[in-house]
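We did not get these values from a lab; they are worked out from the coordinates using the rules stated. It should be emphasised that the depicted structure is a prediction, and the values quoted were computed from it without experimental measurement. Note that we place each Cβ from the backbone using ideal geometry, even for glycine, and neighbour counts take in every protein chain shown.
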């Protein structure tokens, strides 16, 4: 079946980003050990990324666990500050998404993200050509949970066989395939372009 819709992951595909940049900046600002901060950051990441908690409670929890009153009581949006400082767009992938849309392919995003950093992305560049935006903090599930792919299939006006998903993590790609969605792992732009050509997308 012909591919009608391409879904892109954001972080690691459309956007150049690593969570370790959060850890490095915030551990330095609040004089915390990176290993301990990283552990608590990851322990609470699911709840903020599925919309269970907002940023303020996220840092409150981590601050309490690390016995940092300064972090616990911060009123600053650390996610906004650090993400805005370090993130950048993968220009080749962003242009590919625009070119696919110009060529009549519907494009969208399927991303594990929370409200603050996604708002920064929207603020820095127009994502209007993404017709479908499947965001974990709105859906309440994370990749590679099968429920998030089921949500996509149930809420997109295409058959699952018409979808093509691009993600930088192998586990997310494998889970998408188990749900019946054609998917590839993004590691290199030229390799991805070949995979798009094989599907008559470019």
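Among residues belonging to the stretch 176-191 that are out of contact with any helix residue (DSSP H, G or I) (no Cβ under 6 Å at 6 or more places or on another chain) and surrounded by 13 or more Cβ atoms within 10 Å (Cβ to Cβ), point out the one that is nearest to residue 105 (Cα to Cα).
It comes out as 182.
Looking only at residues that are touching a residue at least 24 places away in the same chain (Cβ under 8 Å) and assigned to a helix (DSSP H, G or I) in the stretch 192-202, which one is surrounded by the fewest Cβ atoms within 10 Å (Cβ to Cβ)?
This residue is 193.
From 68, 97, grab the single residue that is under 25 Å from residue 148 (Cα atoms) and in contact (Cβ under 8 Å) with a residue 24 or more places away in the chain.
97
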